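Only one structure is covered here, and it is reproduced in the block below.
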Amino acid sequence: MKYKKLWTDMHSNIHHDQMAELPMWYEHIKKEMDFWPIAYYPFIMRPTEAGLAVEDRLEDEIIAKDWEVIRRLAEQARGEGFPMFMGYEWQGAGLDGDHNVFFLDNAGDQKHPLRYEELAEAYRGQEVIGIPHHLAYQPGSRGKNWDTHDETFSPFAEIYSSHGCSENDDGPLTMNRHVHMGPRTGETTYEQGLKRGYKIGVMAAGDNHSVPGVFEHGSMCTLAADRTKEAIWEAWRNRRVYGVSQSRIEVDETINGVAMGGEVTASDGRVELEFSVKGTAAVDRIEILRDNVLEDMVVHSGTWERQRPEGVIRFKFRLELGWGPDTRVYKDQWVKEWTGRLDVDGKLLGVEKCWNNYGQELTDMGESFCQFSMTTYQSTASGKWMGPSNVTTEGFIFEVEADADSVMKLTIDGREYLLEVRKLLDSSKVFALWDKVRKLTEETWGDITHYRDDPWWHNAYKFRVGKAYPQSSYEVSGSRIIRFSKSGNIRLRVWQKNGDAAWTSPVFVTV
């Protein structure tokens, strides 16, 4: 069956003190995603008598009031035809790991027992699931407890988020952002769950507490028959999900015709893997993992670079807007509003939104152009509990069909920049808003001089036009015959040259 690829952030944690922002979260996510499972965060940092603040659950009355607000929004979304799932975060005593609990319908109520097994039992027989996240932290201290896992209640797990990657304890994507949570450990990783024999899929999601759908924190793809809540839920129950670390790498994977997350029986131990990948930049390699061990690797780097694109080609490139003045020097330069337009001498085939904050709009789009307005921030969620601290950029990934020797026109804040496709196929390019920074410097500090351009370059708003990648670099497909001597699983891990990754849910093989 041909499934639709539906994208979302399955880990948007809205807090009690943010409930007034809920309509803004909703409007933002509708611009970015195909559906939305919200995860209300019923916790607060509560001071003890000694003054030490500890994370604790809110009072039941407050939670109930907030839950009704979310329920009303979910009903509104249903009326508007936008699939929205009510959910909340459960942490219990911290002994079993954190889980986000989601409901198929809008009639469910929150439950907060201290142990995971009690939580799963409380919802037994209901259309409710609990998805574990940031698995690889310390056992007993909010890391995943595989001893108590219930694969019916938790059909898949979050392998990547703003915390980092919980797949294993020796991969390149670490878990170093939340220093208070400590380093990751191999005892609680996703791979340990598979070793235990659990049939559990994978996805990625933000663990976003300030803005939903943050590009840099990962997202989830659901393979569903259609864009209804029932079809999405059926896909979840059958583990037809996968995750990406940033950009929307499209992955299809079947074993003997069965899609990711499924189960097959191979009496002779022989199965056929078929896969297809459409990346957002050059694909470096596709790792085929059997029972967590590298079975085979399809290395794509080196197969396309020596080919000189000629004539009409398809290619992708990323535009990033941001950077800007040092706010220690220019204390009022926290926000920059941009306007832009891209015109191509051919066809604009697709636009992926690489958004990390509010204030982004794709205002118009035609066969050969698009217009946008963007807002960048020098610091995201500064001082916000659970908020990211790194400066982020905003932008798009464009897919274009045009002649390799054509010229695109990018207009930023009224100024035109000509982009030769041939040159972009060779290298990225960075531009600075020189006029703005010179004016800012003169207004703030007067007519200064320096023997190098540091005072201006370091404080200039900039945008980057990424290297263009031809279609041959980002589309890969193939098949493999794999032999099993005992039951196991097969999954894919995809790496792009820019570091973006994708992880597919396994197909489980019974011999």
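Once the convex hull of all Cα atoms in the stretch 98-196 is built, its volume per residue stands at 103 Å³. For the chain, the spread of Cα coordinates along the three principal axes comes to 69, 64, 45 Å, biggest extent given first.
For a distance above 17 Å, tell me the whole-number percent of Cα pairs in the stretch 338-480 that qualify. Walk me through the intermediate numbers first.
Numbers: 7021 of 10153 pairs.
Tail of P(r) above 17 Å: 69 percent of Cα pairs.
Only Lys, Arg, Asp and Glu carry charge here, each on its Cβ (+1 for the first two, -1 for the last two); on that basis the stretch 216-338 has a dipole of about 500 debye about its Cα centre. Please give the solvent-accessible surface of His11 in Å², to the nearest 10, using a probe radius of 1.4 Å with every protein chain present. Around 0 Å² of this residue is reachable by solvent. A convex hull fitted around the alpha carbon atoms of the stretch 240-305 yields 110 Å³ per residue.
Whenever you get a sec, line up Thr188, Thr174 from highest to lowest accessible area (probe 1.4 Å, protein heavy atoms).
Numbers: Thr188 0, Thr174 70 Å².
Descending order: Thr174, Thr188.
Can you sort Met297, Met19, Met84 by 1.4 Å-probe accessible area, starting with the largest?
Met297, Met19, Met84
Per-residue surface analysis assigns Leu135 an accessible area of about 0 Å², computed on protein heavy atoms at 1.4 Å probe radius. Taking all Cα-Cα distances within the stretch 299-365, those exceeding 15 Å account for 71%. Under a model in which nothing but the beta-carbon of Lys, Arg (+1) and Asp, Glu (-1) is charged, the chain shows a dipole of about 1040 debye around its Cα centre. Put Tyr160, Tyr451 in order of accessible area, highest first, and with a 1.4 Å probe you get Tyr451, Tyr160. Before anything else, pin down the relative contact order of the stretch 296-450: Cα pairs under 8 Å, at least 6 apart, normalised by residue count, whole percent. Contact order relative to length: 27 percent.
Out of Gly359, Pro155, Val400, whose Cα points farthest toward the positive end of the dipole of the chain (charges: +1 Lys, Arg; -1 Asp, Glu; placed on Cβ)? Farthest along the dipole direction, towards plus: Val400. Overall, the stretch 45-93 carries a charge dipole of about 220 debye about its Cα centre when +1 sits on the Cβ of Lys and Arg and -1 on the Cβ of Asp and Glu, all other atoms neutral. Estimated at the nearest 10 Å², the accessible area of Asp435 is 110 Å² with a 1.4 Å probe. Annotation for Asp60 and Lys347: the two label points, set 7 Å from Cα along the Cα-Cβ direction, are 6.0 nm apart. Computed over the stretch 24-136, the quotient of the alpha carbon radius of gyration and 2.2 N^0.38 Å is 1.15. Could you tell me which residue out of Tyr451, Trp434, Ser485 lies farthest along the dipole of the stretch 433-485 toward its positive end? Charges go on the beta carbon: Lys and Arg +1, Asp and Glu -1, centred on the Cα centre. Checked the options; the winner is Ser485. When the Cα atoms of the stretch 94-142 are aligned to their principal axes, the ranges along those axes come out at 34, 17, 15 Å in descending order.
Placing unit charges on each Cβ (+1 for Lys and Arg, -1 for Asp and Glu) gives the chain a dipole about its Cα centre, and among Phe82, Val312, Gly346 the Cα reaching farthest toward its positive end belongs to Val312. Quantify, in whole percent, the carbon and sulfur part of the accessible surface of the chain (1.4 Å probe; protein heavy atoms only). Carbon-and-sulfur percentage of accessible area, whole number: 47.
As a length-normalised measure over Cα pairs under 8 Å and 6 or more apart, the relative contact order of the chain settles at 15 percent. On a per residue basis, the stretch 43-143 carries 45 Å² of accessible surface, using protein heavy atoms and a 1.4 Å probe.
When the Cα atoms of the stretch 151-251 are enclosed in a convex hull and the volume is divided per residue, what value in Å³ results?
On the way: hull volume 12.7 nm³, N = 101.
So the per-residue hull volume is 125 Å³.
Taken one residue at a time, the phi angles of the stretch 213-228 give Karplus couplings (6.51, -1.76, 1.60, θ = phi - 60°) of x, 5, 4, 6, 9, x, 8, 10, 10, 10, 9, 10, 5, 7, 9, 9 Hz. Gly and Pro are set to x. Size of the stretch 429-511: Rg and Dmax of its alpha carbons, in Å, are 25.6, 78. Listed values for the stretch 73-87 are Karplus-derived 3J(HN,Hα) couplings in whole Hz (6.51 cos²θ - 1.76 cosθ + 1.60, θ = phi - 60°), namely 5, 4, 5, 4, 4, 4, x, 8, x, 9, x, 10, 10, 6, x, and x replaces Gly and Pro. Summing Lys and Arg as +1 and Asp and Glu as -1 over all other residues whose Cβ lies under 12 Å from the Cβ of Val69 gives a net charge of -1.
Pairs Lys429/Lys497; Lys4/Lys111; Lys65/Lys111: which exceed 24 Å Cα-Cα? Please list the in-between numbers first.
Numbers: Lys429/Lys497 17 Å; Lys4/Lys111 33 Å; Lys65/Lys111 15 Å.
Table pairs above 24 Å Cα-Cα are Lys4/Lys111.
Helix-only estimate, please: 222 nm mean residue ellipticity of the chain, summing -39500 (n - 2.57) across DSSP H runs of length 4 or more and dividing by its residues, to the nearest 500. Theoretical 222 nm ellipticity from helices: -4000 deg cm²/dmol.
The values are calculated or read from the model by the stated rules, or taken from the named source; none is laboratory data. None of these values were measured; they are calculated from a predicted model. Here the Cβ is made from the backbone with ideal geometry for all residues, glycine too, and neighbour counts use every protein chain on show. These accessible areas exclude ligands, DNA and RNA; they are computed on the full protein's heavy atoms, side chains included. Shrake-Rupley method; radii C 1.70, N 1.55, O 1.52, S 1.80 Å.
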